[in-house]
Amino acid sequence: PQYFEGITAGSLMVCSVILLEAICIFSFGTTPGKWLGGIKVKNCEGRNPEFMQALKRTCFVWVQGFCLGIPVEDLPFMWFAKKNLLKDGKTRWDKISETRVEVAELPFWRYGFIVIISFSIVVMLNVSTIDYFLCAYIGRL
């Protein structure tokens, strides 16, 4: 039963992220991370994708690009996605959803911001891992 609670929570999280990403792409043509990287998603007419277009694209990214975020399993999916992108100049999900990606030149300050955010995430993950093991160890005393 506890195992299934984790699967349910993980599934809800992935579905929530997919929905939130589709809403961001529909509304703004980008997500916070894509904005930071100077990336915009557009439809064939150069406008923000319609909601169903954005949702379709996001679903395919998560299934065909990230393998639903399953650790280790996602690596070959990402490798094949990159291989297709280099070969065709477009990913499968952009072909299917009839979207395209625009990449802008980044201002210098964004590089620093990306480094600071990345470093902060690594520190937070390490602190939470250490905290978890300390609590587990102290709990056994």
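The values are calculated or read from the model by the stated rules, or taken from the named source; none is laboratory data. Just so we're clear, the structure is a prediction, and the values are computed from it rather than from any experiment. No Cβ is skipped: glycine too gets one built from the backbone with ideal geometry, and neighbour counts run over all protein chains shown. For the accessible areas, the whole protein counts, side chains as well, though only heavy atoms, and no ligand, DNA or RNA atoms are used. Shrake-Rupley method; radii C 1.70, N 1.55, O 1.52, S 1.80 Å.
A few notes on this one:
- Each of 121, 134, 37 was placed along the dipole of the chain (beta-carbon charges, centred on the mean Cα), and the one lying farthest toward the positive end is 37.
- Across all directions, the shadow cast by the convex hull of the chain built on its C-alpha atoms averages 11.0 square nanometres.
- Acute angle (nearest 10 degrees) that the helix 108-140 long axis makes with the longest principal axis of the chain, alpha-carbon atoms: 30
- Ranked by solvent-accessible area (1.4 Å probe, protein heavy atoms only, all chains present), the residues 93, 35, 79 order from largest to smallest as 79, 35, 93.
- Residue 131 sits with roughly 90 Å² accessible to a 1.4 Å probe, with DNA, RNA and ligands left out of the calculation.
- List 92, 57, 100, ordered by accessible area with a 1.4 Å probe, largest first: 92, 100, 57
- Between helix 74-88 and the chain there is an angle of about 20 degrees, using the helix long axis and the longest principal axis of the Cα atoms.
- Mean separation of Cα contacts under 8 Å (6+ apart) over length of the stretch 1-103, as relative contact order %: 28
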